[in-house]
Amino acid sequence: MSILGVELRRSAALGAALITVLAGIGALYVAPARWSGGWMSLALITREYLLLMWPLALAAGAWQGRREHRSNVGELFGTTARPRVQRMVPVLGAMALTLGTAYLLVTAAGAARIGTSAGYLPLLGFAVVTGVGVLSLIAAAWLGLGIGRLLPVPATAPALGVAGVLIVSVSMFIRPDWLAAAVSPIYGTSQFHAYQTIDNRVSGAVAIWLALLAVAGLVLFVAGGRRARTAALVPVLLGLAAAVAVVPRDPAVLDAPVDPIARELVCTDDAPTVCVSRVNTKLLDDLTPLAREGLAALAKLPDAPTAVHEDTSTYGRGGATPSRDDVVEVPVRIDKFGGLAHPGVVTVEVVRGLGVPIDIECRQHHEAVERAAAYWLLGREPQSDVGLIPGMIQEDPELNPEALALWQGLREVSAEEALARVTAVRDAKRDCEDTSELLTRSTR
């Protein structure tokens, strides 16, 4: 332990770890909304930022690997009776310990922010994804040590840093997908939905590859001759073969797989029912009064929906959820602090579809008519979606003025007549019929 302590003080290990921690935490906190939704989001994003941390670890290892050449003591150490492997173990241990800890510290920095707001914790999945990230940095550092000793020139470390960025970036786009899943430390980390995970079989495959890549770096670092260095190719080939052999081929497992438990609905005990996915359970109390306000507005219509569910569609393979006439589905958005984002939008989104499930094949509805009808139910003046609906940057400039005119027309007739017209719009939308003239046409 005393020798390891000396290596921690005099080697590049602590400095490399500090730079890695700063880079990782800086990347996390540049866009906290990307991972504030839950624990698995944090694990995936931290792994994604290996795009920055992996090249740093590789370059740090290369810088450390040329220490004997830089100090001109290689020949002196070669005359000692102590085996080279024994001399190198403290260096390997120092790099592994500090960079592995650096990755855990980056994860801990994110956990400190979402610890009180995140609910569902898939402990095994979170631990496996994080563990692969730790192993990835160790493999990069050890590989860098070996290459740095093999090519002990000042340009090696910066060149490996640049090459590392390219290698990690390109690795996730290798085809076929299962090959990328077997070798890329960041494959599967780009998030497409809130219920995303990485299958443990995929994590196992890439862990095998990274472990044997680390062994290859170790062999390069401790080898005493050309033949021994050539032997470093053996663990590389074995690791690639083993990873390819065990990685699953099923596209549903490789392409943003869904954690079914995270996607399960958790509902209020009382009516009207409001449900959110398990991963967003802590938002249920904030969402419920807003959703029920929307249901109260829809209740003016006959056969109105009686529940609001989070839209858990993932728009991938088998990602659609079955629609129900008695349920309104709305998106649940998370802000950068893990709370409910854009709460003022929730009630509008409950009412804006008039309680009719979205049918992407139906093109008969008229948006201005539906906006006017929805806002009449809410008792509010129609408002443009720009600045109201997140992500909406522009719309037809005539849309809201037209909706406003139709809404004013509804206010000029009796409440019974207005309700009948709005109901006619709802029924026509449900049957995929033209709604364009229903708010101006008398129902009598």
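Things worth noting here:
- Every pair of residues 6+ apart whose Cβ atoms lie under 8 Å, when the first sits in the range 285-307 and is closer than 16 Å to GLY379 by Cα and in contact (Cβ under 8 Å) with a residue 40 or more places away in the chain while the second is assigned to a helix (DSSP H, G or I) and among the acidic types (Asp, Glu): GLY294/GLU349
- For the range 38-61, residues that are over 25 Å from PHE173 (Cα atoms) and open to solvent by 20 Å² or more (accessible area, probe 1.4 Å) total 1.
- Checked against the criteria, THR130 does not count as farther than 26 Å from ALA59 by Cβ, open to solvent by less than 40 Å² (accessible area, probe 1.4 Å) and modelled with pLDDT of 90 or more.
- When the test is whether a residue is acidic (Asp, Glu), under 22 Å from ALA299 (Cβ atoms) and at pLDDT 85 or above, GLU381 passes it.
Every residue, every condition in (1) surrounded by 20 or more Cβ atoms within 10 Å (Cβ to Cβ); (2) without any contact (Cβ under 8 Å) to a residue 12 or more places away in the chain; (3) under 28 Å from the mean Cα position of the chain (by Cα), yes or no:
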site: LEU105; (1), (2), (3): no, no, yes
site: ALA118; (1), (2), (3): yes, no, yes
site: SER136; (1), (2), (3): yes, no, yes
site: ALA141; (1), (2), (3): yes, no, yes
site: GLY146; (1), (2), (3): yes, no, no
site: ALA159; (1), (2), (3): no, yes, no
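- Any hit, the range 9-30, residues being crowded, with 24+ Cβ neighbours inside 10 Å, in a helix (DSSP H, G or I), among the charged types (D, E, K, R) and at negative phi: no
- Long-range neighbours under 7 Å by Cβ, at least six apart or interchain, first residue in a strand (DSSP E or B) within the range 326-337, second polar (S, T, N, Q): ILE334/SER36
- Selection within the range 268-280 - touching a Leu at 6+ places or on another chain (Cβ under 8 Å) and part of a strand (DSSP E or B): VAL274, CYS275, VAL276, SER277
- Listed here are the helices (runs of 4 or more DSSP H) enclosed by the range 163-244 that have at least 3 residues being in contact with a Leu (Cβ under 9 Å, 6 or more places away or on another chain) and over 18 Å from GLU48 (Cβ atoms): 200-222.
- The listed residue being β-branched (Val, Ile, Thr) and in contact with a Lys or Arg (Cβ under 6 Å, 6 or more places away or on another chain), out of THR281, THR312: THR312
Conditions (1) open to solvent by 50 Å² or more (accessible area, probe 1.4 Å); (2) more than 15 Å from ARG249 (Cα to Cα), marked per residue:
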site	(1), (2)
ASP177	yes, no
THR197	no, yes
ASN200	yes, no
SER203	no, no
TRP209	no, yes
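- In the range 245-266, residue most open to solvent (accessible area, probe 1.4 Å) [restricted to those that are assigned to a helix (DSSP H, G or I) and among the small types (Gly, Ala, Ser)]: ALA245
- Hits in the range 397-444 (condition: within 43 Å of the chain's Cα centre (by Cα), more than 17 Å from LEU354 (Cα to Cα) and open to solvent by 90 Å² or more (accessible area, probe 1.4 Å)): PRO397, GLU398
The values are calculated or read from the model by the stated rules, or taken from the named source; none is laboratory data. Here the structure is a predicted model, which means the values were calculated and not measured. We place every Cβ from the backbone using ideal geometry, glycine too, and count neighbours over all the protein chains shown. We work out accessible area using only protein heavy atoms, side chains counted, and drop any ligands, DNA or RNA first. Shrake-Rupley method; radii C 1.70, N 1.55, O 1.52, S 1.80 Å.
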